[in-house]
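To start, the structure itself, in structure tokens.
The values are calculated or read from the model by the stated rules, or taken from the named source; none is laboratory data. This structure is a prediction, so every number in the text was calculated from the model and none was measured. Neighbour counts run over all protein chains shown; Cβ positions are idealised from the backbone, glycine included. Note: areas computed on protein heavy atoms with side chains; ligands, DNA, RNA excluded. Shrake-Rupley method; radii C 1.70, N 1.55, O 1.52, S 1.80 Å.
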Amino acid sequence: DAKTTQPPSMDCAEGRAANLPCNHSTISGNEYVYWYRQIHSQGPQYIIHGLKNNETNEMASLIITEDRKSSTLILPHATLRDTAVYYCIAHTGDSSYKLIFGSGTRLLVRP
Amino acid sequence: GAVVSQHPSRVICKSGTSVKIECRSLDFQATTMFWYRQFPKQSLMLMATSNEGSKATYEQGVEKDKFLINHASLTLSTLTVTSAHPEDSSFYICSAATGLAAFDEQFFGPGTRLTVL
């Protein structure tokens with residue numbers, strides 16, 4: 001799996017957009033970019049994934065650069081409940097292949 | 001989305017005893033389950049991968065005789081921490097995948113907090 005690099009922490013104001021960057025410069029052509037988050041003392045929660053195109057779902061948007069070396073997770077209107085550690089993982093999507101979690105970004109949403 | 005449960009959610013035990021943690025996929029069949037461990041303020045560390053009906057594959061540095069994994073059915077995997085010691089105190093999390101799709105999301109359980117006295 002490609003190594004990913006994320007800032008250790010970020011903060012944003014409630015109601016504003018939270019933009020979480022991730023670098024994955026060694027990503028291979030068959031690896032997706034996955035985002036998970038972990039709220040304190042809970043199991044990780046899947047957010048979104050993408051390969052080349054930008055993706056949007058009810059939780060977030062994922063913007064992947066054309067060269068696929070970096071991506072940004074966007075929470076359009078952050079709430080206090082979005083305070084969590086966010087993990088960016090490059091992965092082939094094969095269920096038999098393990099997810100390797102890095103240190104992630106600790107997002108603090110301020111009131 | 002699919003639901004994965006873990007039991008118990010918390011367990012406190014004495015040093016030297018064994019503890020069993022269950023991971024169940026409630027509304028789907030999971031051919032593959034993964035076990036992770038997480039120490040305070042650290043990331044999740046993969047311990048082992050278990051496939052239904054076969055032996056688990058352990059990550060380097062994880063003692064297979066200490067952390068016994070059984071994946072006896074498509075909806076249940078168990079992790080037994082044998083002869084637990086205080087350094088085994090951690091948050092244990094499982095995840096499950098169906099193994100049927102080209103893209104196959106892993107669904108995570110809520111975790112089990114183990115405290116060894």
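The C-alpha atoms of chain A occupy a region whose extents along the principal axes are 40, 30, 24 Å, arranged from largest to smallest.
Based on the Cβ-Cβ distance of A:SER41 and A:LYS69, what FRET efficiency does E = 1/(1 + (r/R0)^6) give at R0 = 22 Å, to the nearest 0.05? Given R0 = 22 Å and the Cβ-Cβ separation, E is 0.05.
Interface burial in the stretch A:23-45, defined as at least 20 Å² less accessible area with all protein chains than with the chain alone at a 1.4 Å probe, covers A:TYR34, A:TYR36, A:GLN38, A:SER41, A:GLY43, A:PRO44. For the stretch B:1-98, which trypsin sites (Lys or Arg not before Pro) are in a loop by DSSP, counting at most 15 other Cβ atoms within 10 Å? Within the stretch B:1-98, the qualifying trypsin sites (Lys or Arg not before Pro) (loop, at most 15 other Cβ atoms within 10 Å) are B:LYS14, B:LYS41, B:LYS55, B:LYS64, B:LYS66.
Here is the interface size for A with B: some 1700 Å² of accessible area buried, both sides summed, with a 1.4 Å probe.
Set Lys and Arg Cβ to +1 and Asp and Glu Cβ to -1, take the dipole of chain B about its Cα centre, and tell me which of B:HIS85, B:SER54, B:HIS71 lies farthest positive. Value computed over the given set: B:HIS85.
Mean-square fluctuations from a GNM of chain A, with a 10 angstrom spring cutoff on Cα atoms, peak among A:ARG81, A:ARG37, A:ARG68 at A:ARG81.
Rounded to whole Å, the principal axis extents of the Cα atoms in the protein assembly as shown read 51, 39, 32, largest first.
The listed residues A:LYS52, A:LYS98 rank as A:LYS52, A:LYS98 when sorted by accessible area, largest first, using a 1.4 Å probe. Under a Cβ-only charge scheme (Lys and Arg +1, Asp and Glu -1), can you give me the dipole magnitude of the stretch A:42-111 about the Cα centre, in debye to the nearest 20? That gives a dipole near 240 debye. Surface composition of chain B: carbon and sulfur atoms hold 53% of the protein heavy-atom accessible area at a 1.4 Å probe.
Solvent-accessible area per residue for the stretch A:1-57 at a 1.4 Å probe radius, Å²?
Accessible area per residue: 53 Å².
Computed from the C-beta positions of B:CYS13 and A:ASP11, the FRET efficiency with R₀ = 41 Å rounds to 0.60.
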